[in-house]
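Trainee: Sharing a structure with you now.
Every number in this text was worked out from the coordinates using simple rules, so none of it is lab data. As the structure is a computational prediction, the values presented were derived from the model and not from experiment. For neighbour counting, all protein chains shown are included, and Cβ atoms are generated from backbone atoms with ideal geometry for every residue, glycine included.
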Amino acid sequence: MSKKINGIGASEGIALAKTLVLIEEEIKISKQTITDTNKEILKLEKAIEESIGELESLRENTLKKLGEEKSAIFEAHKDIANDPQIKAEIEEMINGEKINAEFATQAITNNYFEMFSQMDDHYFKERSADIKDVASRIIKHIVGAKIIDLSTIKDEVIIVAEDLTPSQTAQLDKKFVKGFATNIGGRTSHAAIMARSLEIPAVLGLKTITKDIKDGELLALDGTEGTVEFNLNDSEIKEYNNKAVEFAKLIAELKNFKDQPTKSKDGQSKLIEANIGSPNDIDSVLDNGAEGVGLFRSEFLYMDNDHFPTEEEQFVSYKKVVEQMNGKIVVIRTLDIGGDKKLSYFEFPHEMNPFLGYRAIRFTLNRKDIFRDQIRALLRASAFGKLGIMFPMIATIDEFKKAKAFVEECKAELDKENIKYDKGVQIGMMVEIPSAAVNADKFAKYADFFSIGTNDLIQYSMAADRMSENVTYLYQPTNPSILRLIKMTIDGAHTQNRWVGMCGEMAGDANAIPLLLGLGLDAFSMSATSMLRARSIISKLDSKETANLAEQALQLETEEQVLELVSKFMDNK
């Protein structure tokens, strides 16, 4: 009898092949007292040098296979390996405690890993994998351990592992590696991103898959559903082969939507936009037919740095994105730091609940020296394309008015200096706090647009930390209470002829799209890989029918009832 295990569908597709179970060599590192600290530092420097050389080779190979955007991952890995602050801390520990290089490297990099892995923001949380990957490579070179090379695989296999590092994923040849399944990982990890770029199906977060299946055993993997199945009989094998054929047809159909405008079945125009974390994401965004960038997280400029980025450093990054989008709107969120997002070069005050404390707009309005550099950079970049400035974590109208007035101050400074900017640059806000949703019609008198951040809106409305395993059941995007807050936001904006986007995970959720269309959402912003499917779904929907669907959903009591309603509705499409 076959056995099915549910995980996280990280890269769509169907795969059926024998497994290659990877068992990483366990490196046991103990703290050792040494007398020759110079020798240990030389071992560290040699290991870093060798690691940088390998990462450069990976960068070049990835550039050839996948292009500049994906190869930038290994540029970032080189930066981590060559980070002077991390190296200085390791050397300080070696010299100060007179201990071995591998132990000091592990101790210091673990500190950084912990800092990033505890962050609530998925984008930054998953960056902890980069630190772990680079640290592991350096330590292996220090102790002389073997580094697995997956580029040598020459048989059709599905890789099964505890985890796959970004550098391992980059070595995969999709001609032979038909898919991979791991115990840990999530949709926003680099391994998942690389898998989607390579078009290799992947299911992550399976917890015990390395123990559940033997090396060489036949495995069926469904990256769309997020399941793996083994101990298959002949009819089940045939069924998976048929599913693979159907999936190939679907992908071919979706590619037809790349250069099409987003329109409902009855001709209502919408925008499908992308969420990005850095300028390196733009290639993928354009490849998937984005009609704009609905969320550019500016935090990466601050978190991938050892100082607050200057006006000029920020201007270069913002200008690059705006120019590459060639007249399509780019909405850039101002610094959303604090809470779980820390900076190595700035100490936030200790708070009992930092997620509800000194962060985002509350921080930047208090530190106008830092805010000024960003606003001036954004305004200057607006001269090179269509740019929107968006404030995060807005709770009151006074906050928004103060932030907007500060933009006017910066405009006046640029006018005096004869520096060009778009005089009509749009100034908007995130709606992620219930008070903002409830008061949307009042905010709309001052804001040019809204973007609904559903991840936080749900979290704050339900009083449930979405990263807590014990209360994940409360993360309910289509709960009627959340739908009502979304309706209030959209209706409030439309009373003043303002447009409303959504940049939370919900915008790309196939179950939510019919409801959001029915509620009147104007722009759907999501990960690049979700855009074509979203456009395809909208093309099959009539806006009047979805309006009726949304109205019915608002009268229901539970998320389960809403999902059942949507399922029945979509069965007829």
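Trainee: Considering lysine pairs in region 37-143 that are 8 or more places apart or on different chains, how many have Cα atoms under 21 Å apart?
Mentor: 27
Trainee: Shifting gears a bit: By counting other Cβ atoms within 10 Å of each Cβ, how are Ser317, Ser57 ranked from fewest to most?
Mentor: Least to most surrounded, the residues fall as Ser57, Ser317.
Trainee: Please work out the ratio of the alpha-carbon Rg of region 471-555 to 2.2 N^0.38 Å and round it to two decimals.
Mentor: That works out to 1.06 for region 471-555.
Trainee: Can I ask one more? Sequence neighbours fewer than 8 away in the same chain don't count; with that in mind, list the aspartates and glutamates whose C-alpha is under 18 Å from Lys544.
Mentor: Asp266, Asp491, Asp522, Asp571
Trainee: Taking the DSSP beta bridges in the chain as the whole, what percent of them are antiparallel, to the nearest 5?
Mentor: Of those bridges, close to 35 percent are antiparallel.
Trainee: Is it possible to state the helix-based mean residue ellipticity at 222 nm for the chain, with each DSSP H run of 4+ residues giving -39500 (n - 2.57), the sum divided by total residues, to the nearest 500 deg cm²/dmol? What is it?
Mentor: -14500 deg cm²/dmol
Trainee: Same structure again: Would you mind ranking Ser382, Ser151, Ser71 so that the residue whose beta carbon has the fewest other beta carbons within 10 Å leads the list?
Mentor: The most exposed by this proxy come first: Ser151, Ser71, Ser382.
Trainee: Write down Rg/Rh for region 218-336, rounded to two decimals, with Rg from the C-alpha atoms and Rh from the Kirkwood relation over Cα pairs.
Mentor: 1.16
Trainee: In Å and on Cα atoms, what radius of gyration and Dmax does region 265-542 show?
Mentor: 18.0, 56
Trainee: Here is a further query. Magnitude of the Cβ-charge dipole of the chain, K/R +1 and D/E -1, about the Cα centre, nearest 20 debye?
Mentor: Charge dipole, the chain, about its Cα centre: 1200 debye, nearest 20.
Trainee: Right, another one. Quick one: putting +1 on the C-beta of Lys and Arg, -1 on the C-beta of Asp and Glu, what dipole do you get for region 265-542 around its Cα centre, in Debye to the nearest 20?
Mentor: So the magnitude is around 720 debye.
Trainee: What are the GluC sites (Glu not before Pro) within region 315-355 that DSSP puts in a loop, where the Cβ has at most 14 other Cβ atoms within 10 Å?
Mentor: Here the sparse-neighbourhood loop sites are Glu347, Glu351.
Trainee: Count the DSSP beta bridges whose two residues both fall in region 265-542, then state the antiparallel fraction as a percent rounded to the nearest 5.
Mentor: 5
Trainee: Then there's this: For the chain, report the convex hull volume of the alpha-carbon atoms normalised per residue, in Å³, without decimals.
Mentor: 163
Trainee: Then there is this: Can you pick out the pairs among Lys319/Lys404; Lys255/Lys320; Lys320/Lys442 whose Cα atoms lie more than 25 Å from each other?
Mentor: Long pairs (Cα-Cα over 25 Å): Lys255/Lys320; Lys320/Lys442.
Trainee: For His307, His77, His350, His141, what's the fewest-to-most ordering of other Cβ within 10 Å of each Cβ?
Mentor: Ordered by Cβ neighbours within 10 Å, fewest first: His350, His307, His141, His77.
Trainee: Counting pairs of Cα atoms in region 71-110, how many percent are more than 12 Å apart?
Mentor: Tail of P(r) above 12 Å: 58 percent of Cα pairs.
Trainee: To the nearest µm²/s, what D does Stokes-Einstein give for region 37-143 at 4 °C and 1.567 mPa s, using the Kirkwood radius over alpha carbon pairs as Rh?
Mentor: 91
Trainee: Moving on. Please turn the phi angles of region 356-371 into ³J(HN,Hα) values with the Karplus equation 6.51 cos²θ - 1.76 cosθ + 1.60 (θ = phi - 60°), one per residue in order, whole Hz, x for glycine and proline.
Mentor: So the J values, rounded to whole Hz, are 10, x, 7, 7, 6, 5, 5, 6, 5, 5, 7, 10, 5, 5, 6, 5.
Trainee: Along region 313-330, what does the Karplus equation 6.51 cos²θ - 1.76 cosθ + 1.60 (θ = phi - 60°) give for ³J(HN,Hα), rounded to whole Hz, x for Gly and Pro?
Mentor: 4, 5, 4, 4, 5, 5, 4, 4, 5, 4, 5, 5, 7, 6, x, 7, 5, 10
Trainee: Could you tell me which GluC sites (Glu not before Pro) in region 473-573 are loop residues by DSSP with no more than 12 other beta carbons within 10 angstrom of their beta carbon?
Mentor: Taking region 473-573 and a limit of 12 other Cβ atoms within 10 Å, the loop GluC sites (Glu not before Pro) found are Glu557.
Trainee: For region 364-378 and region 263-306, what is the separation of their C-alpha centers, rounded to whole Å?
Mentor: What the calculation gives is 23 Å, centre to centre.
Trainee: Which one, Gly185, Ile23, Ser567, is farthest towards the positive end of the dipole of the chain when Lys and Arg carry +1 and Asp and Glu -1 on their Cβ?
Mentor: Highest projection toward the positive end goes to Ser567.
Trainee: So for region 178-252, what percent of the C-alpha to C-alpha distances run longer than 18 Å?
Mentor: So the pairs more than 18 Å apart make up 42 percent of the total in region 178-252.
Trainee: Any idea what the relative contact order of the chain is, in percent, if you count C-alpha pairs under 8 Å spaced at least 6 apart?
Mentor: 14
Trainee: Now for a different question. Need one number: convex hull volume per residue for region 98-174, Cα atoms only, in Å³.
Mentor: That works out to 102 Å³ per residue.
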